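Okay, structure first, notes after.
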């Protein structure tokens, strides 16, 4: 579904927020980099290469001094300035959104970004290629806000694609629940081979919540116990756990 084009976001619009850098004991070339946009939007990254920030450890070392750098992402550029001392730093940023990114979102059939969504896209590094890959899968009723959840929990387009094959009518929130429950393509294949009945998103997530793994499902099939219900599998699994104690 195509949406009417809004007035495009321009690079003149800038968001004000704060940044913080903390050193990592395990590396002299990487740091922990955090962004905060008031009142409650924050993203604390894992190891971030200093080179990606256009910085060196020397630029952060020494006594208290001013520091400036830029972080460029598909959605726009974070222009950061502040104070550094002894490998640490903090200060303020201005985020300048890229209008081409906003237009690309519309071209992919999603609703035009709000200003808040655009800065989220920058903070969580939701690239145009990531958006395009998710859209191409064909998940119904896709909204940009759902993509943020995928990035936060490090769910890839490949994860979504493999689960969408087994649940083609499921929305992205359900697919995210499956991924977070450690439901994989091989797990679903085991359930299919065992001819398990009533394979809804809720029931499959429940199986994983009870700790039922693919090996247990495969063993049931080998023993000729096919076509079982979810409740029957949970009961058999629970009985086995009790006997093993």
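See the values below:
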item: Alpha carbon convex hull of the stretch 118-161, projected area averaged over orientations, nm²; result: 2.8
item: Helix-only mean residue ellipticity at 222 nm for the chain, each DSSP H run of n ≥ 4 adding -39500 (n - 2.57), per residue, nearest 500; result: -11500 deg cm²/dmol
item: Stretch gain in nm, segment residue 185-residue 57, where the contour uses 0.36 nm per residue and the Cα spacing is subtracted; result: 41.8 nm
item: At q = 0.09, 0.10, 0.20 Å⁻¹, base-10 log of I(q)/I(0) for the stretch 39-185 (Debye sum, equal scatterers on each alpha carbon); result: -0.36, -0.43, -1.17
item: Cα shape, the chain, gyration tensor, a/c 1.5 rule; result: oblate
item: Förster radius 35 Å - calculated FRET efficiency between residue 92 and residue 214, Cβ distance, rounded to 0.05; result: 0.10
item: Largest-first principal axis extents of the Cα set of the stretch 1-125 (Å); result: 53, 26, 24
item: Rough spin-label spacing in nm, given labels placed 7 Å along Cα→Cβ, for residue 158 and residue 108; result: 1.9
item: Pair residue 239, residue 132: separation of 7 Å Cα→Cβ label points (nm); result: 5.4
item: Relative contact order, percent, the chain [alpha-carbon distance under 8 Å, six or more residues apart]; result: 14
item: Label-point separation in nm, residue 192 to residue 26, each point 7 Å along Cα→Cβ; result: 3.6
item: Within a Gaussian network of the chain (alpha carbon springs, distance under 10 Å), most fluctuating of 131, 31, 222; result: 222
item: Along each principal axis, Cα extent of the stretch 185-243, largest first, Å; result: 29, 24, 18
item: Among 82-89, 136-143, the order from most to least packed when residues are scored by Cβ within 10 Å on average; result: 82-89, 136-143
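Here, each number is a calculation from the coordinates, and none is a lab measurement. Quantities reported herein were computed from a predicted structural model and do not represent experimental measurements. Heads up, the Cβs are rebuilt from the backbone with ideal geometry, glycines too, and the neighbour counts pull from every protein chain shown.
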